[in-house]
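The values are calculated or read from the model by the stated rules, or taken from the named source; none is laboratory data. Keep in mind the model is a prediction, meaning the values are calculated, not measured. A quick note on method: Cβ atoms are made from the backbone with ideal geometry, for glycine too, and the neighbour counts reach across all protein chains shown. Calculation scope for accessible area: heavy atoms of the full protein, side chains included, ligands and nucleic acids excluded. Shrake-Rupley method; radii C 1.70, N 1.55, O 1.52, S 1.80 Å.
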Amino acid sequence: MTTTITAQMSQRIGANGRSYWRIYVCLMGETHWPEHVFRGTKVPTLAQRSAALASLGYVVVELPDDDEWRCWDWCESRSAYDDPSGAVTLIASVQVRPAQPEDLRDVARVS
């Protein structure tokens, strides 16, 4: 069985007020997570997400007999939990694995 790691993608508003999407690999116990930033408000396509993950050294773990789009889970989060009328943040997550088998060195302690 291959050990997997969670990658997430969320939209942020920068200090300049512009929106961007960011995809990152959640490495527990690490102070810096690998990330890639997409400029603009449009949700990055599956191809763009896969290319970004590949540039970080990871590939999406696809479900058996399934399309890649089904591997991504979306959820809502709020920054102000006591304000149900507040804006929500969409967070997407997907299971990934290192692209190179030798990169499994750090994965065992993450999953």
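Here are the numbers for the structure shown:
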{"quantity": "Looking only at region 12-45, and only at residues there that are under 11 Å from the mean Cα position of the chain (by Cα) and in a loop (DSSP other than H, G, I, E, B), the one that is surrounded by the most Cβ atoms within 10 Å (Cβ to Cβ)", "calculated": "PRO34"}
{"quantity": "From the options SER111, SER93, residue that is closer than 16 Å to ALA7 by Cβ, open to solvent by less than 90 Å² (accessible area, probe 1.4 Å) and modelled with pLDDT of 90 or more", "calculated": "SER93"}
{"quantity": "Hits in region 46-73 - residues which are in a loop (DSSP other than H, G, I, E, B) and surrounded by 10 or more Cβ atoms within 10 Å (Cβ to Cβ)", "calculated": "LEU56, GLY57, VAL61, GLU62, LEU63, TRP72"}
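So that you can scan it fast, the table gives a plain yes or no per residue for (1) in contact with a Phe, Trp or Tyr (Cβ under 8 Å, 6 or more places away or on another chain); (2) in contact (Cβ under 8 Å) with a residue 60 or more places away in the chain:
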residue	(1), (2)
ALA7	yes, yes
ARG18	no, no
LEU27	yes, yes
VAL37	yes, no
VAL43	yes, no
GLN48	yes, no
LEU63	no, no
CYS75	no, no
